[in-house]
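The values are calculated or read from the model by the stated rules, or taken from the named source; none is laboratory data. Since the model is a prediction, treat every value here as computed from it, not as a measurement. A quick note on method: Cβ atoms are made from the backbone with ideal geometry, for glycine too, and the neighbour counts reach across all protein chains shown.
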Amino acid sequence: MTEFKYNLSVNFCEKYFLSLLREWNIDIGNQKFKRGFQINFFSRVNLTYEDIILSIQKNGYLENVEDQLLFLKDPVLKNQFSMATTAEGVEIKIESNGKESKIKGSGRISPIEEDLASDLIYYYKNFLYISKESDNSIENHSRLYRSIIIFSINFIDAFILKHVLYFESKHLFEKECVEIRKERIFPAKVRKFYSLGKEKNTEILCNTKEYHRFFELNRIRNSILHTSNSNIIYTLKEMSENISKIRIGVASFLKTIRMNFDFPTPYYLSQIINLPEIIK
């Protein structure tokens, strides 16, 4: 696959970095973020203005900084990591939110929401680069389309569950978490979770473009998994438009929900938000 590049301007990257500093409460004193700027993260990562701009343009986020901030400082998602081994019989054990996971190799343990985010980005990039001229183009496009649409809703569900597990481990919102787990209508489940934050009025969430895009994606996902027709219809234009909706309807949507708890934005949400629109 051709090396993927985010279409992000210098001005966008400057604003992105300043927003990152605010979200993670990082003080740069009287420094101005412009040419000549330097900053040190974690007493070992030294970055210049140019380093920061190039990293955001290449990766869609500030690599080796935002992932470490998430690991070290995020209230819910800190201390999470992936482990793998090819050695047969070697045991891997990880504890998160009061629950232990273990496996005997050969195998791997990783946070499900990070894996699903990685899958979405991988499939999105592949969809973007598939030539529409080849004989099996539409078949390949439609396979990726189904995966992205279905995984997008699974990702939201897993992301919310991770926060529910955190609240349960801290004995917070115990009654509400039971209700969230019992809820079978997914948009209602999401609204119940949102209402645990500062803003209790879910109508505010429902009137956002993020919620409308999420609702569309959930409807499309249901039409694939629970179709009333014996056939499913794809057009390349429609697939491209619907896949592009994950930037707002999944990543920006989850960012909006996290903001209701004053939680910062995980780097992988920024990676999805900053993906280019697909036009075919």
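Considering the stretch 158-217, the qualifying helices (runs of 4 or more DSSP H), each wholly inside and each with 1 or more residues that are among the aromatic types (F, W, Y) and at pLDDT 95 or above, run over 186-194.
Going through (1) surrounded by 13 or more Cβ atoms within 10 Å (Cβ to Cβ); (2) within 25 Å of the chain's Cα centre (by Cα) one by one, N25 falls short only on (1). What residue, among those in the stretch 168-194 that are without any contact (Cβ under 8 Å) to a residue 40 or more places away in the chain and touching an Asp or Glu at 6+ places or on another chain (Cβ under 8 Å), is surrounded by the fewest Cβ atoms within 10 Å (Cβ to Cβ)? Among those that are without any contact (Cβ under 8 Å) to a residue 40 or more places away in the chain and touching an Asp or Glu at 6+ places or on another chain (Cβ under 8 Å), it is E174.
For the stretch 161-175, state whether one or more residues are among the hydroxyl-bearing types (S, T, Y) and within 25 Å of S195 (Cβ to Cβ). Looking for residues that are among the hydroxyl-bearing types (S, T, Y) and within 25 Å of S195 (Cβ to Cβ), one finds at least one in the stretch 161-175, hence yes.
Please specify each residue of the stretch 138-163 satisfying the condition of being closer than 14 Å to N218 by Cα and acidic (D, E). Matches in the stretch 138-163: D157 only. Being touching a Phe, Trp or Tyr at 6+ places or on another chain (Cβ under 9 Å) and under 19 Å from V250 (Cβ atoms) is the filter here, so list the residues in the stretch 154-177 that pass it. Selection gives I156, D157, I160, H163, V164. Set side by side, the residues I180, I112 differ, and just one is closer than 19 Å to K255 by Cβ and in contact with a helix residue (DSSP H, G or I) (Cβ under 8 Å, 6 or more places away or on another chain), which is I112. Taking the stretch 91-133 as the range and being without any contact (Cβ under 8 Å) to a residue 40 or more places away in the chain, surrounded by 15 or more Cβ atoms within 10 Å (Cβ to Cβ) and touching a strand residue (DSSP E or B) at 6+ places or on another chain (Cβ under 8 Å) as the test, the residues that pass are I92, I94, I103, G105, G107, I109, S110. Identify, by number, the condition in (1) out of contact with any Ser or Thr (no Cβ under 9 Å at 6 or more places or on another chain); (2) surrounded by 19 or more Cβ atoms within 10 Å (Cβ to Cβ); (3) assigned to a helix (DSSP H, G or I) that E238 doesn't meet. (2) is the only condition that E238 fails. Within the stretch 52-71, being of a type in the set (S, T, N, Q) and either under 14 Å from N274 (Cα atoms) or not assigned by TED's automatic domain parsing to the domain that holds N25 (or both) holds for S55, Q57, N59.
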